[in-house]
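To start, the structure under review is shown below, and the notes come after it.
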Amino acid sequence: QKYGYYHCKDCNIRWESAYVWCVQGTNKVYFRQFCRTCQKSYNPYRVEGITCQSCKQTRCTCPVKMRHVDPKRPHRQDLCGRCKGKRLSCDSTFSFKYII
């Protein structure tokens, strides 16, 4: 799971997502995300690891992991290529890491 930056060229809308699923050890994206306005699907133009705000590491041992994501913000299943039309969402407590 990585953090991605998106840009819809048609609507000129930009968004970011902490639900970018890549091939392990690479930035090759598995699933696209959909623009909320025109519903066209896009890959992120930039991908990076989800970093801790305290130590700036992607995998850290900090007792309280502060990420540059808001865990309270709801995941848009309707715009996610991975969980669109599925029963379980990417942000559910069930881990998908062992399925892929």
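Here are the numbers:
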| quantity | calculated |
| --- | --- |
| Close pairs from the range 1-17: first closer than 11 Å to residue 41 by Cα, partner open to solvent by 30 Å² or more (accessible area, probe 1.4 Å) and charged (D, E, K, R), Cβ under 6 Å, at least 6 apart | 7/14 |
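Every residue, every condition in (1) of a type in the set (A, V, I, L, M, F, W, C); (2) surrounded by 11 or more Cβ atoms within 10 Å (Cβ to Cβ); (3) modelled with pLDDT under 80, yes or no:
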site	(1), (2), (3)
23	yes, no, no
40	no, yes, no
72	no, no, yes
100	yes, no, yes
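The values are calculated or read from the model by the stated rules, or taken from the named source; none is laboratory data. Nothing here was measured: the structure is a model prediction, and the numbers come from that model. Glycine also receives a Cβ, built like all others from the backbone with ideal geometry; neighbour counts cover every protein chain displayed. Note: accessible area is taken over every heavy atom of the protein model, side chains too, but ligands, DNA and RNA are not part of it. Shrake-Rupley method; radii C 1.70, N 1.55, O 1.52, S 1.80 Å.
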